[in-house]
Amino acid sequence: MPCVTRVTVLYPPLAEGDTGVVTYGDAAGGGPGVQVQPKAERDVRFVVGVEGDRDGRALDLPDTRGFDVVPGPFAVLGLLTPVVAEAGKPFPVTLEARDRSGNVVPAVEGAVSLTAEGGDLKTDARRAFGAGGTGQASGKVTLTRTGVRLLKATCNGVAAEQSVVVSRSAQVADGAKPKATAYQDGNTYVLGNAHVRLLVPRNDFGYGVAFLEAERGDQWKRVGAFPSLGELRVGAQGKPAHRMPVWLSEAKPGSATDAAQLVLSGAVEAAGVQWDLSVLCVLSDGAKHVDLHCTATPKADAKLRAFYAPPFYAGDGSFGAAKATALFPGLEYRTADEVSSGDYGIVPPFSNRQVPHPYKVTMPMVAVADGDVCAAVFWDPDQKWDGVHACPSACFASPERWENRASHLLALFAPAELDGLPENARELPEPRAVVAGKPLRACLESASSGRRLGGRSSR
C-alpha cells in the first residue's frame, strides 16, 4: 500500500528551476526513520508529483528512478511436504533456501542432506542448490513404515524438520454407488455415493487418516486428506500446548433414511486426561458433501487450549499447493499466483487473515478450486461448541505456508475470539477449564464438486 508524504511550500513561492530535497529516513528530528520492506520486489519506485495551483491534481514528474529489494542471506531452510503420505508411494518434497523474512534466496550453493527417522527413506530429490538456480530443490520421497514420521534436512549448517503422517493405502475395488452406502473393503471403510466418497483406512495407530475423493468421468479423483479426525490442544498456562491428534479404535458403518453413515469412536489421553471421542460421518443420496459431527468428552477436569474438528487439507495427495482460485467470503478471493493473507493492497499485520474474528466472515465457508474440482468446508456459525458459546473459529491458509505444507488448510476449531482467542491465533494463550463429563462438539460439511470458483486453472 503506498505511503503518501505531502510537502507544502508557502513562502517564498517556487519558481521554475528551483529544487527541493526530501530525505527519507532522516531521524535527526526525532522521527523513527525508515526501513526497507521485508518482501523482495523488483523496481520499487518513489513516485513524485507536483501540484502547482492547489486544484488537487498532481502531475507526476518524469524519470522516476526505481530500485530492487533483494533477498537477504540464506538463513532458513524450508522443507515443504504434504501432510499425509501413503506407505510405499512416492510423494513430493520441496526444499527452499530462504532469508529471515521468508524470501527465497536464489544465489545459494551447497549440498542438502535429507533423512528420515527409521532409515527407510528413498528419494530421487536433487540434493544440492546450484549456482544461478532458483533457490529450490525438489523431488520424490518414499517412506514404507506407517505412523508420524519426521523428515530432517540440512544445508550449509541450516536445518529443518517436518512431520508427515504415513498411512496405509486406501485401495478400493468398487466403483461409484448409485445411493449412499457405508461398507468395508479390505482394511478400508468407505462412505460413498455416485459423486463423492470418504476413504478411512485402518492403520496400526487406528482410524484417523481419511481421503476425500470425487467422481470425475467414471474415475475417482483425490481432492484432499484429513491427517486426523480432529485434534485436542491442552496444557497448563505458560507451557507449550500438548497437541493430540484424534485417532480412534472403532469403526461401524450404518444407514438412515436416504443416507448412510460411518461412526468412528474411541478414547485418547491428552496431558494425563482421558477423553471419549466420536465422529459421525453422514452422506446422503445425491449429495456432494460429507457431514462430520465430532464430540469430545473429558473423563476428568481438563485445561483446553483448542478443540479442532477434522482438519481438511485440500490438494493433499492431489493438486498440492497449486490452485486456480481460493475463497474466504468477506475476506479473501485469491487466484493462482496469490497466497492467502498476502499483502495485496494492505500491509502486515492487517493482511493476516488466517483466523479472523467470526464477525468478519460474511458466509461460513472456505473453498479452494483447481482443474475440475472444488473443495470446500461449510459450517453453522450458531452451533454451540460447549453447549453455551457459539461462533467457532475458521482457519484458512492457501497454501499452508505457516507450517510448510504443500496443500491448503481448511479447518474449524473452538474457541473463537469471542471467548478470548487472539485474532489469527490457533490456540488459546491461557487454558480454558473444561468440566469432566461435559461434551464439546463441532460440526462441519466437507464438500467436493465439479463446479469451479472462477478463473483459470494453474495447471
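Values quoted throughout were computed directly from the atomic coordinates according to the rules given, and no laboratory measurement underlies them. What you are looking at is a predicted structure, and each value in this text was computed from that prediction instead of being measured. For neighbour counting, all protein chains shown are included, and Cβ atoms are generated from backbone atoms with ideal geometry for every residue, glycine included.
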Task: Dipole axis of region 76-167 (+1 Lys, Arg; -1 Asp, Glu on Cβ), positive-most option in 88, 108, 137 - done: 88
Task: Around residue 167: net Lys/Arg minus Asp/Glu count, Cβ-Cβ under 12 Å - done: +2
Open item on the list: List the residues, sorted by chain then number, that are 5 or more residues from residue 185 or on another chain and whose placed amide H is less than 5 Å from its amide H.
Closed with: 190
- [ ] Go from 0 up to the bin containing the longest alpha carbon distance in region 76-167, width 5 Å each, and give me the % of pairs per bin.
- [x] 3, 15, 27, 24, 15, 10, 5, 1
Open item on the list: Explain nothing, just the number: dipole magnitude of region 26-116 about its Cα centre with +1 on each Lys and Arg Cβ and -1 on each Asp and Glu Cβ, in debye rounded to the nearest 20.
Closed with: 340
TODO: Project the alpha carbons of the chain onto their principal axes and report the range along each, largest first, in whole Å.
DONE: 87, 52, 49
Open item on the list: Based only on other Cβ atoms within 10 Å, what is the fewest-to-most ordering of 144, 64?
Closed with: 64, 144
Open item on the list: At a 10 Å Cβ-Cβ cut-off, how would you order 335, 188, fewest neighbours first?
Closed with: 335, 188
Task: Anchor residue 177: lysines whose Cα lies under 17 Å away (excluding residues fewer than 8 positions away in-chain) - done: 221, 288
Open item on the list: Show me, for region 336-351, the HN-Hα J-couplings you get by feeding each phi into the Karplus relation (A = 6.51, B = -1.76, C = 1.60, θ = phi - 60°), rounded to Hz, glycine and proline as x.
Closed with: 3, 8, 9, 10, 5, 6, x, 8, 8, x, 8, 8, x, x, 5, 6
Open item on the list: Given an 8 Å cut-off on Cα distances and at least 6 residues of separation, report the relative contact order of the chain as a percent.
Closed with: 12
TODO: Rank by packing, highest mean first: peptides 411-422, 343-354, 156-167, with packing defined as the count of other Cβ atoms within 10 Å averaged across residues.
DONE: 411-422, 156-167, 343-354
